[in-house]
1. Would you pick out the residues in region 64-97 that are among the aliphatic types (A, V, I, L, M) and either touching a residue at least 40 places away in the same chain (Cβ under 8 Å) or touching a strand residue (DSSP E or B) at 6+ places or on another chain (Cβ under 7 Å) (or both)?
2. For region 207-228, does any single residue satisfy the condition of being aliphatic (A, V, I, L, M), in contact (Cβ under 8 Å) with a residue 12 or more places away in the chain and out of contact with any Pro (no Cβ under 9 Å at 6 or more places or on another chain)?
3. Being of a type in the set (A, V, I, L, M, F, W, C) and touching a residue at least 60 places away in the same chain (Cβ under 8 Å) is the filter here, so list the residues in region 139-155 that pass it.
4. I'd like to check something: does region 176-194 contain any residue that is without any contact (Cβ under 8 Å) to a residue 24 or more places away in the chain, over 20 Å from residue 92 (Cα atoms) and touching a Phe, Trp or Tyr at 6+ places or on another chain (Cβ under 8 Å)?
5. When you go through 94, 128 one by one, which is the residue that is closer than 24 Å to residue 207 by Cβ, in contact with an Asp or Glu (Cβ under 8 Å, 6 or more places away or on another chain), at pLDDT 95 or above and not basic (Lys, Arg)?
6. Among the residues of region 187-242, which ones are over 18 Å from residue 129 (Cβ atoms), out of contact with any Ser or Thr (no Cβ under 8 Å at 6 or more places or on another chain) and part of a loop (DSSP other than H, G, I, E, B)?
Amino acid sequence: MVSAQPPLDPQYPDNQFQNFQLSMQRVRAAHSNSDYVLRQAFKKKGIKYPSKNIYIRSFKGSNELELYARNKITDTFTLIKLYKVCALSGILGPKRWEGDRQVPEGFYFIEDFNPRSNYHLSLLINYPNYSDRFFSNQDKPGGGIYIHGGCMTVGCLPMTNEYIEEIYSICVEARTAGQMYIPVHIFPVRFNKKSLNFLGREYKNETEKHKFWVNLKRAYDYFEATKKVPPTMYDQEGNYTF
């Protein structure tokens, strides 16, 4: 059994990280442009801003990205904002090799912040993870998957510049406050009755995809029932376990 969970987040401010980010003009502008809107959005939901407990969840089939937060690690997550992903490449199903134009599906965290991105601002997710490396092309699984601005993509999650400024600012604040690893879960669809019928009809002969989606659905169902992110590990066959 291999842990998919990063080390526990340290509970102290990272002023060096914040100082570097705010030394970048784009980040300062993003902070200035979005600070009031974000504070009002968090206040409306009864969550303190900035928060050091945030969670991002995205659905490829509906081009949606959700931003959740909570006040304490023992609290349940509250939906703060729902964003529209403004473009999508590939089809439903996981990313399996470099150049397949697929947006990954699975359980990730933000690995890096790029304030000098060619796509305004960008947040790198840790694709390929252990599961991806197990199932994907061993020589060229691909990489460089970001949540970014610019509204164009060949496998990332692109946002409008306005939206990425908000998301980037929220993540910078969370990282500064001590959340070293911000979870990002990417699903093909919301696993409700309508979407399950769609997957069964449109992908009826793709047994490997269905096996993979059943694995993802366990975490989706857990969050829907509890509004908590399940601890995730990998088994020896590359599957997620909870």
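The values are calculated or read from the model by the stated rules, or taken from the named source; none is laboratory data. Every value quoted in this text rests on a predicted model; they were computed, and no experiment measured them. For neighbour counting, all protein chains shown are included, and Cβ atoms are generated from backbone atoms with ideal geometry for every residue, glycine included.
1. Hits for region 64-97 are 65, 67, 69, 79, 80, 82, 85, 87, 88, 92.
2. No - not one qualifying residue is present in region 207-228.
3. 147, 151, 152, 154 - these are the residues of region 139-155 that are of a type in the set (A, V, I, L, M, F, W, C) and touching a residue at least 60 places away in the same chain (Cβ under 8 Å).
4. Among the residues of region 176-194, not one is without any contact (Cβ under 8 Å) to a residue 24 or more places away in the chain, over 20 Å from residue 92 (Cα atoms) and touching a Phe, Trp or Tyr at 6+ places or on another chain (Cβ under 8 Å), which makes the answer no.
5. Selected residue: 94, the only one of 94, 128 that is closer than 24 Å to residue 207 by Cβ, in contact with an Asp or Glu (Cβ under 8 Å, 6 or more places away or on another chain), at pLDDT 95 or above and not basic (Lys, Arg).
6. Those that are over 18 Å from residue 129 (Cβ atoms), out of contact with any Ser or Thr (no Cβ under 8 Å at 6 or more places or on another chain) and part of a loop (DSSP other than H, G, I, E, B): 191, 192, 203, 204, 205, 206.
So that you can scan it fast, the table gives a plain yes or no per residue for (1) of a type in the set (S, T, N, Q); (2) within 15 Å of the chain's Cα centre (by Cα); (3) closer than 20 Å to residue 109 by Cβ:
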| site | (1), (2), (3) |
| --- | --- |
| 176 | yes, no, yes |
| 197 | yes, no, no |
| 212 | no, no, yes |
| 218 | no, no, yes |
| 225 | no, no, no |
